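What follows draws every value from the coordinates through simple rules; no lab data is involved. Given the structure is predicted, the values throughout are model-derived calculations rather than measurements. Quick reminder, even Gly has a Cβ in these numbers, built from the backbone with ideal geometry, and neighbours come from all protein chains shown.
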Amino acid sequence: MRIVYVNGEYLPEDEAKVSVFDRGFLFADGVYEVTSVLGGKLIDFDGHARRLERSLSELDMAAPVTTEELLAIHRDLVDRNKITDGLVYLQITRGAAPDRDFAYPDESVAPTIVLFTQSKPGLADAPAAKTGIRVISIPDERWGRRDIKTVQLLYPSMGKMMAKAAGADDAWMIEDGTITEGTSNNAYIVSGRKIVTRGLSNDILHGITRAAVLRFAREAQMEVEERAFTLDEAKTADEAFITSASTFVMPVVAIDDAEIGGGVPGPVATRLREIYLEESRKAAI
Ligand code: PDD
């Protein structure tokens, strides 16, 4: 049975409990991170820890543990659950106030912290990386602070279901005529040899994989342009792909009814995936 971490304790998953008054449950008043594990080591841990700190501070939420403690807990869970390839999920909420009240409780209410692992053998060899995935476009109906990694993921869940109903794998969201990002990933197109992805703002999550991939792309002398792009531009692009901690770099071969790059993964996405996996494995801790 899986061992999970809850508020300072390591427990079998069926003994781990959170209050019904927890603000994560009542108000989606919580933030999260997903860190991948390859070969038993954490990928991009520092980036995830830094973004967590920022998410917490944007919401005036206290950090229940230091970054060093967080690293130790991640490693402990990976060991205790014998994870070779998979993910560590972390969630921190504003805790359980005595009653349901929209106002934040005072500091006497301790935050809730939960971490658990998901085993995904062969995570880096996902068959979809060879065939690419298909996405549909949907309106972006999320709130305006998508730079904060909150647990209010209902619209992204709806988006995945819309994609599924349409026979696709995922959805790209559109606001004011341009693509913001995927339901749980950042979105890119390649035109000519140029990699185009939306610039950082409150409109999108500042992906940790995005930051690493853009750095590797520039180091490999690939041209990168950070700007918004339209659905039409995407549909006629040479390549498209997404990035996230759980998919790394994943080629996109269709957007709505338009095939991209003849319906097969392109050379830029394929190369970036190789570089990302190679470099991240080297830097894993
Ligand atoms: N999602 N954009 C959104 C909306 C996301 O939810 C995510 C991550 C990303 C990519 O960020 P990163 O490269 O740091 O994983 C972009 C995670 C994987 C999830 O919700 O499972």
Rounded if a/c under 1.5, otherwise prolate or oblate - segment 1-153, Cα gyration tensor axes: oblate
Gaussian network model of the chain, springs between alpha carbon atoms under 10 Å - residue of LEU42, LEU52, LEU70 with greatest fluctuation: LEU70
Amide N proximity, segment 20-37 versus LEU11 label position 7 Å along Cα-to-Cβ, cut-off under 12 Å: 20
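What order do you get for MET158, MET1 when you list them from fewest to most C-beta neighbours inside 10 Å?
Sorted ascending by nearby Cβ count, the order is MET1, MET158.
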Estimated [θ] at 222 nm from DSSP helical runs (n ≥ 4, -39500 (n - 2.57)) normalised by residues in the chain, nearest 500: -8500 deg cm²/dmol
Cα-based Kirkwood hydrodynamic radius, the chain, one decimal, Å: 19.7
Pair GLU69, ARG193: separation of 7 Å Cα→Cβ label points (nm): 5.0
Cα-based shape type of segment 115-176, given that a ≥ b ≥ c are square roots of the gyration tensor eigenvalues and the cut on a/c is 1.5: oblate
Degrees, to the nearest 10: 45-58 long Cα axis against longest axis of the chain: 70
Peptides ranked, highest mean first, by Cβ atoms within 10 Å: ranges 8-17, 122-131: 122-131, 8-17
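Summing +1 for each Lys or Arg and -1 for each Asp or Glu, what net charge is found among the other residues whose Cβ lies under 13 Å from the Cβ of HIS48?
With Lys, Arg at +1 and Asp, Glu at -1, the net is +1.
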Neighbour cut-off at most 12 other Cβ (10 Å), DSSP loop, GluC sites (Glu not before Pro), segment 91-182: GLU107, GLU141
Top of ARG210, ARG227, ARG142 by mean-square fluctuation, Gaussian network on the chain, Cα under 10 Å: ARG227
Ellipsoid equivalent to segment 67-121 - semi-axes via the Cα gyration tensor, in Å: 30, 12, 7
Gaussian network model of the chain, springs between alpha carbon atoms under 10 Å - residue of THR247, THR197, THR66 with greatest fluctuation: THR66
Positive-end residue of LEU42, VAL151, THR66, charge dipole of segment 1-155 with Cβ unit charges: LEU42
Student exercise, segment 142-204 dipole from Lys, Arg, Asp, Glu Cβ charges, in Debye to nearest 20: 140
Inter-label distance for GLU278 and ASP232, nm, one decimal - labels placed 7 Å from Cα along Cα-to-Cβ: 3.9
Gain in span if fully extended, THR131 to MET1, counting 0.36 nm per residue against the direct Cα distance: 43.4 nm
